[in-house]
Structures are given as structure tokens and as C-alpha cells.
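Below is one structure; the comments refer to it alone.
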Amino acid sequence: MNDDDRDFVEHWCMEVGTRAVPGSPLLGLAGLCLGHTARRFGRLSDDALALARSLSARAEADPSDVDGRALDGYDDVRSFLHLW
């Protein structure tokens, strides 16, 4: 997360968050990292925002599918992008 290139950071969050298998801890991590990206850069692409929302919904519905870090990440997304 020390990279100054938002597109690069977001790209890898998206890759991990869309390619990891259900139940992988990488899914929760991807959601959390999208939250950090929103905090650090103040914006996310529409696709990244949709993924953060989807991972959060999956975590809420079934924590064995996506762990709770995705919920924390989406809270950060909503907070730092003023989506409340």
C-alpha cells in the first residue's frame, strides 16, 4: 500500500477480489484493501466500488465465504467516499 499509483493498487485489489475462490481469506483482504485505497486516494473506480459492496454483502450473508475484513473495508469506503 505504499505505492502512489492508485490504478496499480486498485488493479491488484480487483484481481485478488475477483479471482480468489469462495472461502479464501484473500477475499476479505481484498475488501479491506479497497477500503484502504479509498482512504488513501479519496476515490475508487465504479468497478472497485461495486466489488467492495459485493464482498461486504457476501461477508454479511456468509462469513465462511468472505471474512469480516470485507465489512470493515466497505465501512471505510463509505466513510472516505462520503457514501453514507
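The values are calculated or read from the model by the stated rules, or taken from the named source; none is laboratory data. Being a predicted model, the structure only gives us computed values, none of them experimental. Counting neighbours? That spans all protein chains shown, and the Cβs are built from the backbone with ideal geometry, glycine included. Heavy atoms of the whole protein, side chains included, go into the accessibility calculation; ligands, DNA and RNA do not. Shrake-Rupley method; radii C 1.70, N 1.55, O 1.52, S 1.80 Å.
Scan the range 52-76 residue by residue and report those that are part of a helix (DSSP H, G or I) and either among the basic types (Lys, Arg) or touching a Lys or Arg at 6+ places or on another chain (Cβ under 6 Å) (or both).
Arg53, Arg58, Arg69, Asp76, listed by residue number.
Please enumerate the residues belonging to the range 31-51 that are in a helix (DSSP H, G or I), within 16 Å of Asp7 (Cβ to Cβ) and in contact (Cβ under 8 Å) with a residue 12 or more places away in the chain.
If the condition is that a residue be in a helix (DSSP H, G or I), within 16 Å of Asp7 (Cβ to Cβ) and in contact (Cβ under 8 Å) with a residue 12 or more places away in the chain, then Cys33, Leu34, His36, Thr37, Ala38, Arg40, Phe41, Asp47, Ala48, Leu49, Leu51 are the ones that fit.
So if I check each of Gly17, Gly23, which one is assigned to a helix (DSSP H, G or I) and small (Gly, Ala, Ser)?
That would be Gly17, the only listed residue that is assigned to a helix (DSSP H, G or I) and small (Gly, Ala, Ser).
Rundown of residues vs (1) in contact with a Pro (Cβ under 6 Å, 6 or more places away or on another chain); (2) open to solvent by 20 Å² or more (accessible area, probe 1.4 Å); (3) at pLDDT 95 or above; (4) not β-branched (Val, Ile, Thr), yes/no style:
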position	(1), (2), (3), (4)
Glu10	no, no, yes, yes
Val16	no, yes, yes, no
Ala52	no, no, yes, yes
Ser56	no, no, yes, yes
Pro63	no, yes, yes, yes
Asp75	no, yes, yes, yes
